[in-house]
Structure formats: C-alpha cells, structure tokens
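Single-structure report; data block below.
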Amino acid sequence: MVRPSRSTRSATDTVATDETLRLVRLPLADTLRQLHDSDSTVALQRGIEALRRQIDDPCSALRAASAVDDVTTFSRRYLFDALDQIAAAFTLERARYYAARLLRATLEVRTGAINDIDLNRWKEYDDILTDSLWLFDRRDSSGVHRAGYWGNFVPQIPHQLMRRYTRRGDLVIDPFAGAGTTLIEGRRLGRHTIGVELRADVVEQARATLAAEPDRYGALCALEVGDSAVFDWHAALARHGRRSAQLAILHPPYFDIIRFSDDPRDLANAPSVEVFLARLGDTVARAADVLDNGRYLALVIGDKYAHGDWIPLGFLAMNEVLQRGFGLKSIIVKNFDETTGKRSQKELWRYRALVGGFYVFKHEYIFVFRKK
C-alpha cells in the first residue's frame, strides 16, 4: 500500500495562494516516468518528495527561466494535488495510473472540437461551471464593465458560454448587444465579436466603453446599428472578413418588463407576446443563417407576470428557437437579485406576494441550443 508521507503537504500549503508554475517540460516528464516505474512504495514516496522540493525551489533546474522555450505550465494547486493523489493511492498499480495521467498532462494537449479546454487537465478548470444552477453573489465589475445600462446581463454569463463553446479566434455574434457586455468579454478572451444594437446612442456609448478595454489578443470587436429581426449577418460578417460564426448569444428584452425606447421595432414594444415571439424567432433565424452546423446558440431570458398570471416567456421563447433548426442542449437556471425598481421595496413585494398568491421572480433562464 502506498501511504502519503506526513511531509507530503507543508503547513503553508493550506494558506498559500495559487500560482502558475513554469516548468521545463522534458525534465519534468523524465521525473514522472521515474515515478511511474518505481518498483516499491518507498521509492515512489521518496521520488514524490524530491520532486516537490524541486518544484518549490525557484533555483532548481526544473523551474523554467524566461529564455527557455520547451515549457509546461501548471497551477501550483493542481500539480500538488495530483502529486498528493499519487502518494495517497492504495496500491502501487493505482499510483502508476495517476502518474501516467500526470505525465500525459505534461506532454500532451487534448482539446475537444469547440473549445480550448485541455481534457488532460480538466481538474484545472474549476472556474468553469458545469451544473445547471448558476448562483452569482455579485456581477463582475472589473475593467470597463458597468451595471448602469438597465437590462444588461452579468458578464459571467458570456464569459462562461465562450469558455465552453468557443476557441480563441472564433467569432461570437450578439443580436442584442446593448452596452456591449458580450463584446467586452470576447475581447478579454480573444474571441472575435460582432454585435447589433437598435439604438444608435447606445452603440456610440458602447463603442467608447470598448475602446477603453485592453486588447490583448487583437480580437475583432465590432458594433453595428440595426434591427436584429431583419439584420443581414452575411453582409456584416463579410465586411469584417468572416464567413461564419461559432456561437450566438442572445439576451433580448423580456417582452415589456423594461421599456428601452419608443421605437416600434424594439422587442420591448411588441404589441403582444405572440408578436414578441415571432420577432424573436426572426432574429434567431437570421443568426442561424451564419452559425456553423453543430455550433451553439444561447438564449438568456426570464418570465413575466401579466394580469395576475405567470407568463412562461422563457419556455415560449425556447419553443420558438426549437422550431428553427436547433436542438435543446441544456436549461440553466440563474439567480438574480432585486431589480432596480424592487431593490428598495423588498417588504412591499413580499406583502404583495403573500396577498396575491405568487412568488417574486428571483431567477432567469439560459437555454443552450445546438444547431442541427
């Protein structure tokens, strides 16, 4: 049996912040092969301890200088957890299995067809959500992100969707760009983005905001004025040297809950739910025209009340998308805090709920579809 040494994890490990380690690839791989080929638990334990000391020593030959080319990077927490797992294995055979897995993570990158996630290191991606309930205690307000535009969604939504469903260099389109939240996240992640917004004044302000966001990857970040229900995406992509998109993110108005303008083309001004859904369907169809087959469309939307009845706007919109060549991949429920209008009236809304027999909205949906 292989038992972890008492010195396997130092006392400082539990309080140290995580860091990115730059390690010389081949010497690390050779050491891991030696661990894998250990002929006894004692030799394995000694090898793990020696490797940990080398990793912790900034002057060791294992730590890569800036001029070294053949480098692999690990988060310190991930690498040390992997070594702990090898040490804690109940059998030498199992320890060798874990060592071989860490060796593959050192030498090989194994990604899927639509994202940059290295599946040999899937445990490193603990910031990527895979559950259907998303709980955010606050919106990301870093950089140029602001919550001032009434109705914009939290940046964590496009961030998560782009990490899961795109690679760096892919194109993401947003038919309801608003203040540019999707485009800001795209610029940060190295995804090209094209957004459409009905109001010219909102586009002007969003462009100014985007200009202040650092452009680390040289990603396309374009905003156009237009009506997404009739917008010519083929022409827009051609203007920017692109032929197709790899992800569409739609965050339309939730019908008439918030009035954004007096423009009759604004979905928030649709005369009925039926007209709202038809126009949303037209928008989906336009976006689908330039979306590659097998790629994803995400719809962020919530429900509403009207005349005392709950209107399942989210699921009605979901069905509208399903009629346009998409299959449903996931339904995510995301929390949200009080709206601007309700923030100072929590007690009043609680009273109204008790009197009226309803529940106050605290969630919205993220429907994820795959183009057939």
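All of the numbers you see were taken from the coordinates with simple rules; none came from a lab. The structure presented is a predicted model; accordingly, all values stated were derived computationally and were not measured. A quick note on method: Cβ atoms are made from the backbone with ideal geometry, for glycine too, and the neighbour counts reach across all protein chains shown.
Things worth noting here:
- Helix 41-56 and the longest principal axis of the Cα set of the chain meet at an angle near 60°.
- GNM flexibility winner over the chain from S66, S228, S141 (Cα, springs under 10 Å): S66
- Computed [θ] at 222 nm, helices only, for the chain once each DSSP H run of length n ≥ 4 contributes -39500 (n - 2.57): -11000 deg cm²/dmol
- Taking GluC sites (Glu not before Pro) as exposed when their DSSP state is a loop state and no more than 13 other Cβ atoms lie within 10 Å, the longest site-free interval of the chain runs over 109-372.
- Computed over the chain: relative contact order in percent, which uses C-alpha pairs under 8 Å that are six or more apart: 12 percent
- In degrees, nearest ten, helix 76-88 long axis to first principal axis of the chain (Cα): 50 degrees
- Sorted by Cβ density within 10 Å, fewest first, the residues K372, K329, K334: K372, K329, K334
- Relative to the dominant Cα principal axis of the chain, helix 346-356 is inclined by about 60°.
- Of all lysines in the structure, those lying under 27 Å Cα to Cα from K372, and not within fewer than 8 positions of it along the same chain, are K329, K334.
- Here the residues L237, L267, ranked from fewest to most Cβ neighbours within 10 Å of their Cβ, fall in the order L237, L267.
- Calculated SAXS-style log₁₀ I(q)/I(0) at q = 0.07, 0.08, 0.17 Å⁻¹ - the range 133-371, Debye, Cα scatterers: -0.22, -0.28, -1.35
- Assuming charge only on the beta carbon of Lys and Arg (+1) and of Asp and Glu (-1), the dipole of the chain about its Cα centre is about 740 debye to the nearest 20.
- Least to most buried among L220, L21, L92 (fewest other Cβ within 10 Å first): L92, L220, L21
- Net +/- balance of residues flanking D289 in space, Cβ distance below 15 Å, scoring K and R +1, D and E -1: +4
- Taking trypsin sites (Lys or Arg not before Pro) across the range 193-263, the ones in a DSSP loop with at most 13 further Cβ atoms lying within 10 angstrom of their Cβ are R216, R243, R259.
- Among the trypsin sites (Lys or Arg not before Pro) found in the range 39-139, those both in a DSSP coil and sparsely packed, with 11 or fewer other Cβ atoms within 10 Å of their Cβ, are R138.
- Among beta bridges from DSSP that stay inside the chain, the antiparallel ones total about 60%.
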